[in-house]
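The values are calculated or read from the model by the stated rules, or taken from the named source; none is laboratory data. Quick caveat: nothing in here was measured; it's all calculated off a predicted structure. Here the Cβ is made from the backbone with ideal geometry for all residues, glycine too, and neighbour counts use every protein chain on show. With ligands, DNA and RNA removed, areas are computed over all heavy atoms of the protein, side chains included. Shrake-Rupley method; radii C 1.70, N 1.55, O 1.52, S 1.80 Å.
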Amino acid sequence: MSVTILAIESSCDDTGAAVLRDGRLLANVTASQKVHEAYGGVVPELASRAHQQHIVPVVDQALKQAGVALEELSAIAVTLGPGLMGSLLVGVSFAKGLATSLGIPLIEANHLQGHVLAHFIESTLPPPYPFLCLLVSGGNSQILRVDAYNKMTILGQTIDDAAGEAMDKCSKVMGFGYPGGPIIDRLARQGNPEAYQFARPNIAGLDYSFSGLKTSFLYFLRDHLREDPDFVEHHKEDLAASLERTIVDILMKKLKLAVKQTGIRHVALSGGVSANTALRQAFRNQEEAGNWHIYIPPFSYTTDNAAMIAITGYYKYLDGDYCPLEKPAYSRTTI
Ligand code: KG4
């Protein structure tokens, strides 16, 4: 009998629903929330309300696109955490209610585990176990050792800001829009990455830190704006390129160290920041130099999406790993 999973993702500001049958993706629908753009960041209360508006039409559209009726579902997978509590509760309550009414199992997915397992969605070339994964998003920067779909170990992680958060915050102080990552990426392509130098962290082991860079960037801007109030406008491409290069260098330095320490040369990239052109190029350079086998998912699977939750749910369903209905959503945790 075929296994059909409906997956729901609502951990931050995207409402997603996907349908997967026997490991094959039939539909992947995402409704983004434009409402946050005016505030320069995600406003949790507005996000919860937008999820409530989106959840029914998004699930409906996914089922229609897949050509799947509710009665054909084997289980419902949902992101239980980590994320914004109000946002998570919309998806989790909906999934619990639907699973109960259909009499089918509920499966919990960890959002971060989902980002890693995006590499196993049908249209991507999956890395062989064990592999390393650089998981970089708006809320996380981690180096993971992945031994199985359900066995991931954190080798290093940020002790303060995440890489995407650093891009978003620096973008905000320069007066660019939100989210800052794609804007900096676009501007950086016309800039000189060697134009300016910013502080780089010097911390032991495989952990990351981005708050020092953010502070040094702020002081640098303040000093230059005193001399030239239009400094950002005149130099935005060089500023973006230099900032981006610094962040990519910081990420790659620890990742190279992780490869050296573990001897694992299959290296994957996950999370929203993996859409970044310079980071992708840095990965490709390692492959061209013959150092690593690299795995970069398509753009549509790098940012928040329900397809990655569906594949997580599918593996768990095959293992009979169901979630009790009373298990609550959680806002904080790593893998
Ligand atoms: O994984 P994701 O969609 O969700 C959260 O973490 O919530 O990641 C979003 C992050 C944001 O910080 C955004 O600025 C960053 O990914 N991002 C990028 C690019 N596209 C998205 N950062 C750099 N370059 C990009 N092209």
Checked against (1) open to solvent by 60 Å² or more (accessible area, probe 1.4 Å); (2) within 26 Å of Gly139 (Cβ to Cβ), Gln197 satisfies every condition except (2)
Restricted to the stretch 1-40 and to residues being at positive phi and of a type in the set (Gly, Ala, Ser), the residue farthest from the chain's Cα centre (by Cα) is Gly23
If we keep only residues of the stretch 125-168 that are β-branched (Val, Ile, Thr) and farther than 14 Å from Ser270 by Cβ, then the residue most open to solvent (accessible area, probe 1.4 Å) is Ile159
Of the listed residues (Ala75, Ala38, Ala50, Ala17), the one being farther than 22 Å from Leu112 by Cβ, more than 16 Å from the ligand (Cβ to nearest atom) and among the small types (Gly, Ala, Ser) is Ala38
When every residue in the stretch 265-277 that is farther than 19 Å from Gly138 by Cβ and surrounded by fewer than 20 Cβ atoms within 10 Å (Cβ to Cβ) is compared, the one nearest to the ligand (Cβ to nearest atom) is His266
Of the candidates Leu89, Leu70, the one satisfying the condition of being open to solvent by 20 Å² or more (accessible area, probe 1.4 Å), closer than 14 Å to Ala329 by Cα and away from the ligand (no atom under 13 Å from the Cβ) is Leu89
One residue is enough: does the stretch 105-113 have a residue meeting the conditions of a type outside the set (A, V, I, L, M, F, W, C) and within 12 Å of the ligand (Cβ to nearest atom)?
yes
Restricting the stretch 292-310 to residues that are open to solvent by 20 Å² or more (accessible area, probe 1.4 Å) and in contact with a strand residue (DSSP E or B) (Cβ under 9 Å, 6 or more places away or on another chain), the one farthest from the ligand (Cβ to nearest atom) turns out to be His293
